[in-house]
Amino acid sequence: MTKADIVSEIAKTTGIDKASVLETVEKFMEVVKDSLSHGENVYLRGFGSFIVKTRSEKTARNISKNTTIIIPEHKIPAFKPAKVFMEEVKAVK
């Protein structure tokens, strides 16, 4: 499902025009990105959490040059689904 599909589905079920729904979805994504970039997690009860995880430093190899490099510790965005959400997905056959 794409963002356009999501916007169409919300517009169809709520009766709100697509332009307003698109603007709302875009703003939601912007707020989530801004929060995560400032180190703040976003919690949506019953759905899940958008969190910032820290990846520890590790050693990697460049096999074409046969060298090792150190990848420093860094932060990545992640999504952790809520327990209710996970149970619904597991129930789908």
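The values are calculated or read from the model by the stated rules, or taken from the named source; none is laboratory data. Since the model is a prediction, treat every value here as computed from it, not as a measurement. Virtual Cβ from ideal backbone geometry, glycine too; neighbours counted across all protein chains shown. All accessible areas refer to the heavy atoms of the entire protein, side chains included, with ligands and DNA or RNA removed. Shrake-Rupley method; radii C 1.70, N 1.55, O 1.52, S 1.80 Å.
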Residue among Val32, Val7 that alone is surrounded by 12 or more Cβ atoms within 10 Å (Cβ to Cβ), on the phi < 0 side of the Ramachandran plot, at pLDDT 95 or above and touching a helix residue (DSSP H, G or I) at 6+ places or on another chain (Cβ under 6 Å):
Val7
What is the one condition in (1) surrounded by 13 or more Cβ atoms within 10 Å (Cβ to Cβ); (2) at pLDDT below 95 that Asn66 does not satisfy?
(1)
Tell me, which residue of region 10-29 that is open to solvent by 80 Å² or more (accessible area, probe 1.4 Å) and closer than 22 Å to Pro77 by Cβ is farthest from the chain's Cα centre (by Cα)?
Thr24
Residues to consider are Thr68, Thr54, Thr24; find the one that is of a type in the set (Ser, Thr, Tyr), at negative phi and in a helix (DSSP H, G or I).
Thr24
I'd like to check something: does region 36-59 contain any residue that is open to solvent by less than 80 Å² (accessible area, probe 1.4 Å), among the aromatic types (Phe, Trp, Tyr) and under 17 Å from Lys80 (Cα atoms)?
yes
